[in-house]
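The values are calculated or read from the model by the stated rules, or taken from the named source; none is laboratory data. This structure is a prediction, so every number in the text was calculated from the model and none was measured. In this analysis, Cβ positions are derived from the backbone assuming ideal geometry, glycine residues included, and neighbour counts consider all displayed protein chains. Quick note on the areas: whole protein, heavy atoms, side chains included, nothing else; ligands and nucleic acids left out. Shrake-Rupley method; radii C 1.70, N 1.55, O 1.52, S 1.80 Å.
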Amino acid sequence: MSPLIEPPNSVLLLVGREEFTPPQTFAGEVCVSSSDCIAVGVLSVDDGPTSASLTQVMDGSGLVTLGDFRIESEGHLSVRDVYNREHASLGVEAGSVRVTVLGNDKSEPDEVIFLASSG
């Protein structure tokens, strides 16, 4: 079961390094990335929690693709909030990791799946 999170500022981060650089702006998008961090705008905490999962195996159906990115990893991916609290983690190969971000809504998802694959 995916953890239910009430992320401050309604933003979830997927980071590949301990010392990461978050994207500077969403520029009107729901999901953006830097070289080592993906940011996703999610449902307002006033409207309820968000389910977030990090996996290498697709386990959700009926979800839309919010973004497809490559980020650099030190061998560990971590779902965090803007206060750097870790909510989920996954060991991966160090280097470039492809991450597809899926959600149940294109603008304010309350279910997010980070699907990671190496290479």
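Things worth noting here:
- Within region 73-88, the set of residues being within 25 Å of SER44 (Cβ to Cβ) and surrounded by fewer than 16 Cβ atoms within 10 Å (Cβ to Cβ) comprises VAL82, TYR83, ASN84, ARG85, GLU86.
- Taken over region 23-72, the residue count meeting the criterion of being out of contact with any Gly (no Cβ under 7 Å at 6 or more places or on another chain), open to solvent by 60 Å² or more (accessible area, probe 1.4 Å) and without any contact (Cβ under 8 Å) to a residue 60 or more places away in the chain is 15.
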